[in-house]
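The values are calculated or read from the model by the stated rules, or taken from the named source; none is laboratory data. What you are looking at is a predicted structure, and each value in this text was computed from that prediction instead of being measured. All Cβ positions, even for glycine, are placed from backbone atoms using ideal geometry, and neighbour counts span all protein chains on display. Calculation scope for accessible area: heavy atoms of the full protein, side chains included, ligands and nucleic acids excluded. Shrake-Rupley method; radii C 1.70, N 1.55, O 1.52, S 1.80 Å.
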Amino acid sequence: MHRKLLFGFILTALLAACAETEQSPPADDSNSSQTSAQTFEWKLVMSWPKNLPGLATSAERLAQNIAEMSNNRLTIKVFGAGEYVPAFQVFDAVSSGTAEMGHSAAYYWRGKAPILAVFGTVPFGMTAQETNSWLHYGGGLELWREVYAPFNLIPFPAGNSGVQMAGWFNKEINSLADIQGLKMRIPGLGGDVFQRAGGVAVQLPGNELFTSLQTGVIDATEWVGPYNDLAFGLHDIATYYYYPGWQEPNAVLELMVNKSAYESLPEDLQKIVEVAARASNQSTLDEYTARNMASLNTMMEEHGVQLRKLPDDVVSAFRMYANEVFDELANEDELSARVVASYKDFQGTVSQWHAIAEESYFEIREGNDGS
Ligand code: CA
């Protein structure tokens, strides 16, 4: 009996000691207890119109997730293109700290550093799955951060469209001759390729596409894929919808963060931003994958859109010019050479694997292997 009492006393004392330890951590344990009360109200500026499904909604969900995970210690007000800064001033706004965050695509910033196009997309380059592997497990993100560092920016991949569509045309493209002199909105390296193939590439932000095509400022445009293009109403002003999206086999949506602002956050909030971006990167791709086919069916069945595949001679010319353009990019400077080499090396290896895995699987799934 005496022993039991003693044991009970020791146990109670131990539990009390544990509880006390939990309640009062050592003062120098971390800075989190001192900073947890501090709140941050940030601005996020987008290159997309407010509420545009897929692109803008992804940024808005990202901001919402960060607020919820941080218990509103970091809240982010999201601005559509032109609401705070114009679509193509997102980079400068975040670089200078006018806004702490931006949501855009890196190929819009080729004027800052031509190699940045690669972190948006590469014509005939990697798919979303492959690009994500390169960025996160192949050194791609470290290279991107190196390119952004002089601009006081930290990039995070925060979404992906998957393979896009080749675009909207009001005449059929039957051969390379039909590309000659055609004025098309097409950004990034794809624009350079289109230009070499005899077309005229125009760079326009999303919110100017509809009017530009409608009024004949441009003859054709690419945007994203059925889900986004349906929301934009592009089927109302163009008839032929071409695939495959050679110019954007994936498009990385970027979350750019002002480096000084990021470094002013306590470590746990930094981590929340990083992990929220990583989650957004996946969920955006999931959303596109889930919604594209239904949107395409709506376009064809309810709006009379004509689906067309690009002819072989056009595709092979684009492929040839794409290789030229990409190789030339390596000559810009030492860092560009490293980025191009890293990208090519990774694509070479991952495409070998995907020939064995994905491609063979698609063949057996559809019975196209003759089995
Ligand atoms: Ca596009």
For the structure I just gave you, tell me whether PRO157 is under 30 Å from ALA261 (Cα atoms), assigned to a strand (DSSP E or B) and at pLDDT 95 or above. yes
Checking GLY216 against (1) out of contact with any helix residue (DSSP H, G or I) (no Cβ under 9 Å at 6 or more places or on another chain); (2) not in a loop (DSSP other than H, G, I, E, B): exactly one of these is not met. Which one? (2)
So which residues in region 240-250 are within 12 Å of THR221 (Cα to Cα) and open to solvent by 30 Å² or more (accessible area, probe 1.4 Å)? TYR240
What about THR35, is it over 19 Å from the mean Cα position of the chain (by Cα), at pLDDT 95 or above and either farther than 26 Å from SER283 by Cα or not hydrophobic (A, V, I, L, M, F, W, C) (or both)? no
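Report, by residue number, each residue of region 257-267 that is within 10 Å of MET101 (Cα to Cα) and either within 16 Å of the ligand (Cβ to nearest atom) or part of a helix (DSSP H, G or I) (or both).
Within region 257-267, LYS259, ALA261, TYR262 meet the criteria.
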Among the residues of region 284-314, which ones are out of contact with any helix residue (DSSP H, G or I) (no Cβ under 6 Å at 6 or more places or on another chain), in a helix (DSSP H, G or I) and buried (at least 17 other Cβ atoms within 10 Å of the Cβ)? GLU287
Report, by residue number, each residue of region 90-123 that is outside any helix (DSSP H, G or I), under 25 Å from GLU328 (Cα atoms) and not small (Gly, Ala, Ser). ARG110, LYS112, THR121, VAL122, PRO123
Hey, any hits in region 243-256 for a residue that's within 16 Å of the ligand (Cβ to nearest atom), modelled with pLDDT under 95, aromatic (Phe, Trp, Tyr) and within 14 Å of TRP168 (Cβ to Cβ)? no
